[in-house]
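K.L.:
Just passing along the structure, written as C-alpha cells.
The values are calculated or read from the model by the stated rules, or taken from the named source; none is laboratory data. Small disclaimer: the values here were computed from a predicted structure and weren't measured. No Cβ is skipped: glycine too gets one built from the backbone with ideal geometry, and neighbour counts run over all protein chains shown. What goes into the accessible areas is simple: the full protein's heavy atoms, side chains included, and nothing from ligands, DNA or RNA. Shrake-Rupley method; radii C 1.70, N 1.55, O 1.52, S 1.80 Å.
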Amino acid sequence: MSANRYTYLGPEGTFTEAALRTLPEAATRELVPMVSVPAALDAVRNGEAAAALVPIENSVEGGVTATLDELASGEPLMIYREVLLPIAFALLVRPGTKLSDIKTVTGHPVAQPQVRNWLRAHLPEALWESAASNADGARLVQEGRFDAAFAGEFAAVTYGLEALVTEIHDAENAETRFVLVGRPARPAAPTGADKTSVVLWLGDDHPGALLELLQEFAVRGVNLMLIQSRPTGAGIGNYCFAVDAEGHISDRRVGEALMGLKRMCPKVRFLGSYPRAGVAVEDVAALRRGTSDGEFMAASDWLARAQDGRA
C-alpha cells in the first residue's frame with residue numbers, strides 16, 4: 001500500500017481537491033486525481049492509496065449517491081474524518097467570451113440545482129449538459145466543447161479560463177461535506193463531538209419496519225443527523241438506509257443501539273466513528289437524562305446485583 005498517496009475526485013481543480021488541501025496532512029502526501037468516486041475508492045481497496053477524499057453530502061441536493069452506493073457495497077471501507085467546504089460557483093469561459101456568447105454550459109450534476117435560478121435569470125436559452133466533475137467541465141470549455149462551465153473560481157488558472165461571473169449560488173451558505181475514506185481499522189478515540197455512520201438493511205418489508213430501526217436510536221437518546229434510502233439492486237421496493245448518528249461507537253448509547261440493530265437487520269455495515277467537522281465539544285447538545293455512559297454503567301451494575309440477589 002502507498003501510505004503516502006491520497007486520491008480524490010478529479011481532475012485537478014475540483015472542489016474535492018480544494019477540500020483535501022484543507023487537511024494538514026495533505027501537504028506531505030502525493031495527491032492523485034481520479035476520474036470518478038468509484039475509481040478513487042477502488043485505489044484504496046486495492047492498495048494503491050492510503051485514503052481517498054470524496055463528496056458525500058450537499059446542503060442543497062442531499063446525499064451524493066455515487067459515494068453512498070460505493071460505501072454500501074464492495075469491499076468494506078471506513079470513514080476517518082469529514083471536511084465541510086462552502087460552495088460558490090464561478091462561470092468559467094475562454095478569454096474574450098461575453099455572457100451573450102454563451103449557448104452551452106456544463107458542470108457536475110450536483111451543481112445544476114445550486115445554480116438553476118441564476119441560469120434561468122441570466123442564461124435562459126443556454127443548454128446544460130452534465131460533466132463528470134466541475135473541473136472536468138472547465139477542461140471541456142478549454143477544449144471548446146462548451147461555452148462555459150460552473151466550477152470553483154480557483155479552477156480558472158489550471159485550465160486557462162476566465163471567471164466571467166463569481167459567487168454564483170441559489171442558496172446562501174451552501175456547503176458540501178466530504179469524507180476521508182481508508183481501509184477498516186480501529187476508530188480514533190472519541191473527542192466528545194463525533195459522528196457515527198452505518199448502512200442498514202431491512203430484514204423484511206412490513207408496516208413499521210423502518211420505525212423499528214429508528215426506535216433503536218431514539219430509546220437510547222441517539223440523535224440522527226442523516227437518513228437516506230438507497231435501492232439495493234434486488235428489485236423495486238428493496239432498500240438499504242445510510243444513517244449518520246451523533247456520538248461515537250465507544251459511547252454506550254451508540255454501541256447498544258448498533259447491537260440492537262445488528263439483532264434486527266440481516267446486514268449492518270459500520271462506516272466509522274469520526275470527529276464532526278466544525279463542531280466544538282462545548283457546542284454539542286447535552287445528553288438526555290438516562291443516556292450517558294455513567295447511567296448505562298449504573299443500570300448494568302444494578303442488573304448484575306439483581307441477578308446475584310444483591311439488588
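Let's see how each residue does on (1) within 30 Å of Gly74 (Cβ to Cβ); (2) of a type in the set (Val, Ile, Thr):
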position	(1), (2)
Gly144	no, no
Phe154	no, no
Thr176	yes, yes
Arg186	yes, no
Gly192	no, no
Asp205	yes, no
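K.L.:
Here's a follow-up. Look through segment 1-34, keep the residues that are over 15 Å from Thr176 (Cα atoms) and β-branched (Val, Ile, Thr), and return whichever of them is most open to solvent (accessible area, probe 1.4 Å).
P.N.:
So, considering only residues that are over 15 Å from Thr176 (Cα atoms) and β-branched (Val, Ile, Thr), the one most open to solvent (accessible area, probe 1.4 Å) is Thr28.
K.L.:
Something else: In segment 211-229, what count of residues is obtained for those that are open to solvent by 60 Å² or more (accessible area, probe 1.4 Å) and either in contact with a Phe, Trp or Tyr (Cβ under 9 Å, 6 or more places away or on another chain) or of a type in the set (A, V, I, L, M) (or both)?
P.N.:
Just the residues of segment 211-229 that are open to solvent by 60 Å² or more (accessible area, probe 1.4 Å), to begin with: 211-212, 215, 219, 223, 225, 227.
Filter once more, keeping what is either in contact with a Phe, Trp or Tyr (Cβ under 9 Å, 6 or more places away or on another chain) or of a type in the set (A, V, I, L, M) (or both): 211, 219, 223, 225, 227.
Matching residues across segment 211-229 total 5.
K.L.:
Which is part of a loop (DSSP other than H, G, I, E, B) and under 28 Å from Val64 (Cβ atoms), of Ile249, Ile227?
P.N.:
Working: Ile227 fails: part of a loop (DSSP other than H, G, I, E, B).
Just a single option satisfies the conditions, and that option is Ile249.
K.L.:
Could you give me the residue pairs with C-beta distances under 8 Å whose first residue belongs to segment 277-289 and is assigned to a loop (DSSP other than H, G, I, E, B), whose second residue is at pLDDT 85 or above and among the β-branched types (Val, Ile, Thr) wherever it lies, and which are 6+ apart or on separate chains?
P.N.:
Ala277/Val83
K.L.:
Here is a further query. Taking Asp204 as the residue in question, decide whether it is assigned to a loop (DSSP other than H, G, I, E, B), closer than 30 Å to Ser133 by Cα and of a type outside the set (S, T, N, Q). It would help to see each step written out before you state the result.
P.N.:
Values: assigned to a loop (DSSP other than H, G, I, E, B): yes; closer than 30 Å to Ser133 by Cα: no; of a type outside the set (S, T, N, Q): yes.
When the stated conditions are applied, Asp204 does not pass them.
K.L.:
Right, something else. Among the residues in segment 231-250, are any among the charged types (D, E, K, R), within 28 Å of Arg186 (Cβ to Cβ) and out of contact with any strand residue (DSSP E or B) (no Cβ under 7 Å at 6 or more places or on another chain)? Even if it seems obvious, please write down each step before you answer.
P.N.:
If we filter segment 231-250 for residues that are among the charged types (D, E, K, R), which is where we start, we get 244, 246.
Among the residues that remain, those that are also within 28 Å of Arg186 (Cβ to Cβ) are: 244, 246.
From what is left, the residues that are out of contact with any strand residue (DSSP E or B) (no Cβ under 7 Å at 6 or more places or on another chain) are none.
The answer is no, given that none of the residues of segment 231-250 is among the charged types (D, E, K, R), within 28 Å of Arg186 (Cβ to Cβ) and out of contact with any strand residue (DSSP E or B) (no Cβ under 7 Å at 6 or more places or on another chain).
K.L.:
Being under 30 Å from Phe154 (Cβ atoms), part of a loop (DSSP other than H, G, I, E, B) and in contact with a helix residue (DSSP H, G or I) (Cβ under 8 Å, 6 or more places away or on another chain) is the filter; apply it to segment 173-201 and report the residue that is modelled with the lowest pLDDT.
P.N.:
Filtering first and then ranking leaves Ala174.
K.L.:
Sticking with this one: Which of the residues that make up segment 90-113 are open to solvent by less than 60 Å² (accessible area, probe 1.4 Å) and polar (S, T, N, Q)?
P.N.:
Scanning segment 90-113 gives Thr97, Thr104, Thr106.
K.L.:
Pairs, please: C-beta under 8 Å, at least 6 apart or cross-chain, first residue on the phi > 0 side of the Ramachandran plot and in segment 233-246, second part of a loop (DSSP other than H, G, I, E, B) and open to solvent by less than 40 Å² (accessible area, probe 1.4 Å)?
P.N.:
Correct list of pairs: empty, since none qualify.
K.L.:
Can you tell me which residues in segment 230-246 are open to solvent by 50 Å² or more (accessible area, probe 1.4 Å) and either over 16 Å from Leu211 (Cα atoms) or in a loop (DSSP other than H, G, I, E, B) (or both)?
P.N.:
Quick first cut of segment 230-246, residues open to solvent by 50 Å² or more (accessible area, probe 1.4 Å) only: 231-234, 236, 238-239.
Answer for segment 230-246, where residues must be open to solvent by 50 Å² or more (accessible area, probe 1.4 Å) and either over 16 Å from Leu211 (Cα atoms) or in a loop (DSSP other than H, G, I, E, B) (or both): Pro231, Thr232, Gly233, Ala234, Ile236, Asn238.
K.L.:
Considering only segment 135-172, state which residues are touching a strand residue (DSSP E or B) at 6+ places or on another chain (Cβ under 7 Å), assigned to a loop (DSSP other than H, G, I, E, B) and either farther than 15 Å from Glu17 by Cα or open to solvent by 10 Å² or more (accessible area, probe 1.4 Å) (or both).
P.N.:
Phe146, Asp147, Glu153, Leu161, His169
K.L.:
Can you name the residue in segment 45-66 that is of a type in the set (Val, Ile, Thr) and surrounded by 23 or more Cβ atoms within 10 Å (Cβ to Cβ) and is also farthest from Asn4 (Cα to Cα) among such residues? Give the derivation first.
P.N.:
Going residue by residue through segment 45-66, those that are of a type in the set (Val, Ile, Thr) are 54, 56, 60, 64-65.
If we keep only those that are surrounded by 23 or more Cβ atoms within 10 Å (Cβ to Cβ) as well, we get 54, 56, 64.
On the way: Val54: 17, Ile56: 23, Val64: 27 Å.
Of everything passing the filter in segment 45-66, Val64 is farthest from Asn4 (Cα to Cα).
K.L.:
Give me the helices (runs of 4 or more DSSP H) completely within segment 27-128, filtered to those with at least 1 residues that are in contact with a Gly (Cβ under 7 Å, 6 or more places away or on another chain) and modelled with pLDDT of 95 or more, ordered by residue number.
P.N.:
Values: elements: 37-45, 65-72, 112-122.
Because the criterion is at least 1 residues that are in contact with a Gly (Cβ under 7 Å, 6 or more places away or on another chain) and modelled with pLDDT of 95 or more, the helices (runs of 4 or more DSSP H) in segment 27-128 that meet it are 37-45.
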